[in-house]
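Here is the structure we will look at, set down as structure tokens.
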Amino acid sequence: MSGFSAGAIEARLVEIRRQLHEHPELSHEEFETTAAIHGWLSEAGIRIVDYGLKTGVIAEVGGLHGGPIVAVRADIDALPIQEETGLSFASKTPGKMHACGHDFHTASILGTAFLLKEREQELRGTVRFLFQPAEEKAKGAGQIIASGALEGVEAVFGMHNKPDLPVGTIGIKDGPLMAAADGFVVEVEGRGTHAAVPEAGLDPIVTAAHIITALQSIVSRSVSALDSAVISVTRLHAGSAWNVISDKAVFDGTLRTFDEQVRLTVRERFEQVVNGVASAFATKASVKWIEGPPAVVNDESWAEQAAVTAEALGLTVVKPKPSPAGEDFAFYLKETAGVFVFLGTAGPQEWHHPAFDLDEAALPIAASFFAALASDALRKLADERLPGGREHLEII
């Protein structure tokens, strides 16, 4: 697999993306996907490195002359959604679908590996490819890190497709790009009674209602207007009969923040409100946090490099609005510097919609961008290691 023309690489990546789309697998179940990625990489002569992963693949290109290591990540899992696109290559597995475009991410980064393999001799270091499982469960990045696959990596790059950006446009910004995403479950304990004699019990439903209302004041009164946070209660359950006041009410939801200190402050105030209101109604309450990924915070210098690389390729670079969605790429950025970008795919629906789709013309664009970014990054890192920097090299 060498000597790709522009048309040939696009056709190949479309073929791969559609095969992945037809056979989606959920988090931690990506066995066939893993085997397929392994096969495509082996066919291209790309070396695969065993890090003991049950699902997911680590591969490398370059390193023939030593040098630094950079990583490029693609997530490979799908969602438990019934597809409603009507595509000829729609999911063949009922109730499972690539509704977030991870098939696009995987195909694109395979394309990056193919392109870099063609000029492996020119690379001034190693490009390590992280085909990561379980992003939708926010567990996969942690597994990759625990395996040791990020060791020695000096910069890490990744993307998410963006349906509301045109093909040929890329969203790049430094600082926070995607939110920390935490879940919560609140359990309110009261005392059950007949609905006709509420004074004989302690109504957890009334307590829960007051807690939910009070929680809405946290963002407006405990978070600066210059920062942002979202608290959403998305489910509430209590009782099983129309004439009985239950002894328990449970509600859950999500907290989204972009700043770690805001995240900690809101969680502290959240628990104060829950416990304070519950006490005021003579009930008891507990809060269980479901720890999600932290915010995706891009490194300034790598964001600048990504913009330079994109513009050199003729892409339109825009500064995107931060997304309140969560993304476990954030865990990599806690370990090493890097940048996460939004790649325009001109899709008809947002992420996680049963009719989600994208423009496949973006596949070779994404592949070429990450090939160029990885190559530029290796050059930049290698130059920085020279005595006196690049200027010394040019003088010599």
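Remark on the chain: Rg and Dmax equal 24.3, 92 Å (Cα only). Among the listed pairs K54/K288; K137/K288; K288/K334; K96/K137, those whose Cα-Cα separation exceeds 19 Å are K54/K288; K288/K334. No solvent, one uniform scatterer per C-alpha: report log10 I(q)/I(0) for the stretch 146-279 via the Debye equation at q = 0.21 1/Å, two decimals. Each listed q maps to, in turn, -1.18. Heavy-atom accessible area, probed at 1.4 angstrom with all protein chains present, ranks H98, H237 as H237, H98, highest first. Here the label points at E122 and A11, each 7 Å from Cα along the C-beta direction, are separated by 2.4 nm in the simple model.
To put it simply, the accessible area of the chain at a 1.4 Å probe is 53 percent carbon and sulfur. For R47, R267, the ranking by accessible surface with the largest value first comes to R47, R267, using a 1.4 Å probe.
Spin-label model, T234 to E43: label points 7 Å out along the Cα-to-beta-carbon direction sit 3.7 nm apart. Using a probe of 1.4 angstrom and keeping all protein chains present, the accessible surface of the chain works out to 43 square angstrom per residue.
Computed 3J(HN,Hα) for the stretch 45-57, one whole-Hz value per residue from the Karplus formula 6.51 cos²θ - 1.76 cosθ + 1.60 where θ = phi - 60°, is x, 8, 6, 10, 10, 8, 10, x, 7, 6, 9, x, 9, glycine and proline marked x.
Fully extending the segment from V206 to E151 would add 14.6 nm, taking 0.36 nm per residue of separation and subtracting the current Cα-Cα distance. Take the alpha carbon atoms of the stretch 168-182, find their center, do the same for the stretch 22-74, and report the distance between the two centers in whole angstrom. Each part's Cα centre sits 25 Å from the other's.
Extents of the stretch 235-333, taken as max minus min of Cα coordinates on every principal axis and listed largest first, are 69, 28, 20 Å.
For the pair E304 and R385, a Förster radius of 22 Å applied to the C-beta separation gives a FRET efficiency near 0.65, rounded to the nearest 0.05.
Over all other residues within a Cβ to Cβ distance under 10 Å of L130, the charged ones net out to +1, with Lys and Arg as +1 and Asp and Glu as -1. DSSP assigns beta bridges within the chain; of those with both partners inside it, close to 65 percent run antiparallel. Comparing S368, S232, S224 in a Gaussian network model of the chain where C-alpha atoms under 10 Å apart are linked, the largest mean-square fluctuation is found at S224.
Once both labels are positioned 7 Å from their Cα atoms along Cα-to-Cβ, the gap between A196 and E311 label points is 7.8 nm.
The values are calculated or read from the model by the stated rules, or taken from the named source; none is laboratory data. Since this is a predicted model, take the numbers as computed values, not measurements. Heads up, the Cβs are rebuilt from the backbone with ideal geometry, glycines too, and the neighbour counts pull from every protein chain shown. These accessible areas exclude ligands, DNA and RNA; they are computed on the full protein's heavy atoms, side chains included. Shrake-Rupley method; radii C 1.70, N 1.55, O 1.52, S 1.80 Å.
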